[in-house]
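Comments concern the structure below.
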Amino acid sequence: MGSTGTVLRELRGAQKSAKGVSLYSRYVNRPAGRVLAAGACRAGMTPHQVTLASALFTYGALAAVALVEPSWTLAVLVYAALVVGFALDSADGQLARLTGRGGPDGEWLDHVVDCGKLLLVHTAVLISFYRFGQLPSDAWLLLPLGFQLAAVVTFCAGLLREQLGRAAVSARGPSWAVPAAPASRTRAVALLPADYGVFCLVFLLLGAPGAFRTGYAVLAVVHTLFLAAFLAKWFRELKALRAG
């Protein structure tokens, strides 16, 4: 096993395309994940273990949101744990590509953890609203449910778009393969509001319940608008594959 510097250099050459990735994921989360993947490699960890470590940080932070009264201390601790969990979510795939230990089982486990995260994060906010929120109206309890719907549908529809598109291209043979377009910085900026890493920032407002509710509501609206745009785009792309 090489030095940490050697492993980091090898990891830089084992990155996925930056297409469709926001600036945060490209310049913050992936580099942080690269460092964690190098550390995990040096420690002899497997990609599955890194995935489970990601779940431990993320799910532990969200359990705290649901069970502990909001405060500025909780806000910082939750945000830090969510950021580490997200970076480890990037690290597992990077480690798998570096070591050649990737496979359908690892991809499945990663998606299961991600799906659980999307369900739990908004459930935790709902529980926190109910237990500690002192809400202006009980209607606020509907907000996490709507946000959860938008998040889960976006996640599932995106996975289906990827899998169905790949299957359609594969069925038509190599001549149908479309070269990957270069990563667009404009698109990377535009995707920032929909990035999970940016979403995590709202938890820094847990110490100010009113500000947290406002920030969370704004993000819910933004994610719903992104969902509508993504669904229209993915439907057109899949329809074009069928027509072709």
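The values are calculated or read from the model by the stated rules, or taken from the named source; none is laboratory data. Just so we're clear, the structure is a prediction, and the values are computed from it rather than from any experiment. Positions of Cβ are generated from backbone atoms using ideal geometry, with glycine treated the same way; all protein chains shown enter the neighbour counts. Ligands, DNA and RNA are stripped out before the accessible areas are found, and what is left, the full protein with its side chains, is counted by its heavy atoms. Shrake-Rupley method; radii C 1.70, N 1.55, O 1.52, S 1.80 Å.
Keeping to region 215-244, report how many residues are under 24 Å from Leu23 (Cβ atoms) and free of Cβ contacts under 8 Å to residues at least 24 places away in the same chain.
8
Just name the residue that is nearest to Asp89 (Cα to Cα) out of those in region 192-216 that are hydroxyl-bearing (Ser, Thr, Tyr) and buried (at least 17 other Cβ atoms within 10 Å of the Cβ).
At the first step, the residues of region 192-216 found to be hydroxyl-bearing (Ser, Thr, Tyr) are 196, 214, 216.
Restricting the remaining residues to those that are buried (at least 17 other Cβ atoms within 10 Å of the Cβ) gives 196, 216.
On the way: Tyr196: 11, Tyr216: 23 Å.
This residue is Tyr196.
Taking Ala81 as meeting all but one of (1) open to solvent by 50 Å² or more (accessible area, probe 1.4 Å); (2) within 14 Å of Phe203 (Cβ to Cβ), write down the number of the exception.
Ala81 satisfies every listed condition except (1).
Please state which one of Leu164, Leu159, Leu126, Leu142 is of a type in the set (A, V, I, L, M, F, W, C) and free of Cβ contacts under 8 Å to residues at least 12 places away in the same chain.
Leu142
Going through region 105-145 one residue at a time, which ones are buried (at least 16 other Cβ atoms within 10 Å of the Cβ), among the polar types (S, T, N, Q) and over 15 Å from Ala217 (Cβ atoms)?
Within region 105-145, just Thr123 meets the criteria.
So how many residues does region 53-71 have that are in contact (Cβ under 8 Å) with a residue 24 or more places away in the chain, of a type in the set (Gly, Ala, Ser) and crowded, with 16+ Cβ neighbours inside 10 Å?
Going through region 53-71 one residue at a time, the tally reaches 5.
Please state which of the following conditions Val50 fails to meet, knowing it meets all the rest: (1) open to solvent by less than 30 Å² (accessible area, probe 1.4 Å); (2) farther than 15 Å from Thr99 by Cβ; (3) within 16 Å of the chain's Cα centre (by Cα).
Answer for Val50: the failing condition is (2).
Filter region 85-104 down to residues that are free of Cβ contacts under 8 Å to residues at least 40 places away in the same chain and part of a helix (DSSP H, G or I) and give me whichever is surrounded by the most Cβ atoms within 10 Å (Cβ to Cβ).
Among them, the one singled out is Gly85.
Name the residue that is surrounded by the fewest Cβ atoms within 10 Å (Cβ to Cβ), counting only residues in region 146-191 that are modelled with pLDDT of 80 or more and hydroxyl-bearing (Ser, Thr, Tyr).
The selected residue is Thr186.
Only one of Leu238, Leu219, Leu225 is in a helix (DSSP H, G or I), open to solvent by less than 40 Å² (accessible area, probe 1.4 Å) and more than 14 Å from Tyr79 (Cβ to Cβ). Can you tell me which?
On inspection, the qualifying residue turns out to be Leu219.
Which condition from (1) crowded, with 18+ Cβ neighbours inside 10 Å; (2) closer than 23 Å to Arg101 by Cα is the one that Tyr24 breaks?
It fails just one condition, (2).
Please indicate, with yes or no, whether at least one residue in region 41-49 is assigned to a helix (DSSP H, G or I) and over 15 Å from His111 (Cα atoms).
Yes, that holds for at least one residue.
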